[in-house]
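Here the structure comes first, spelled out in structure tokens, and everything after it is commentary.
The values are calculated or read from the model by the stated rules, or taken from the named source; none is laboratory data. If you're wondering where the values come from, they're calculated on a predicted model, not measured in any experiment. Don't worry about glycine lacking a Cβ; one is built from the backbone with ideal geometry, like all the others, and counts go over all protein chains shown.
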Amino acid sequence: MNACHSGHLRRDKKLDIIDHNYRIGFATFFLKKGARGVIGTLGKVIDQYAAKVTSNFFAEYQRNPNLPVAAILRNIRAEAAKNFRANKTEENRRLFIFTFMYVYYGNPMTTLRLNSSGN
């Protein structure tokens, strides 16, 4: 989800009596509804970098369609870090920061399966 703070979990004050560490957010909502995994952001991501991270994610998926979603995310983070170390431009710095703002919640072995719409 490319929505501001969609990956941010906050303490649920209603459940403080039971568990002071219980966190809730978009991710827990979707996981409770049956999603196997959720990718969200820890803060606002500038649109052009959100598009680039998404493009990088799906390019990595196309190269390695059997990798778990968490591994794909890890790989694009590693690539962003490698690119920034090799060429410390403002563009690479921002892409590095924004790539690391994406977090994954769910089963770490969940894989992505895209089906053709038949069109």
- prompt: Does at least one position in region 74-89 carry a residue that is touching a residue at least 40 places away in the same chain (Cβ under 8 Å), at negative phi and either of a type in the set (A, V, I, L, M) or surrounded by fewer than 17 Cβ atoms within 10 Å (Cβ to Cβ) (or both)?
  reply: no
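Across region 32-60, what is the total count of residues that are part of a helix (DSSP H, G or I) and either closer than 14 Å to GLU91 by Cα or under 11 Å from the mean Cα position of the chain (by Cα) (or both)?
9
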So, first residue over 15 Å from THR41 (Cβ atoms) and touching a residue at least 40 places away in the same chain (Cβ under 8 Å) in region 53-71, second residue in a helix (DSSP H, G or I) and β-branched (Val, Ile, Thr), Cβ within less than 7 Å, six or more apart or across chains; the pairs are TYR61/ILE72
TODO: Report yes if ASN92 is free of Cβ contacts under 8 Å to residues at least 40 places away in the same chain and touching an Asp or Glu at 6+ places or on another chain (Cβ under 8 Å), otherwise no.
DONE: no
Taking region 90-116 and the residues there that are at pLDDT below 90 and of a type in the set (S, T, N, Q), the one that is surrounded by the most Cβ atoms within 10 Å (Cβ to Cβ) would be THR110
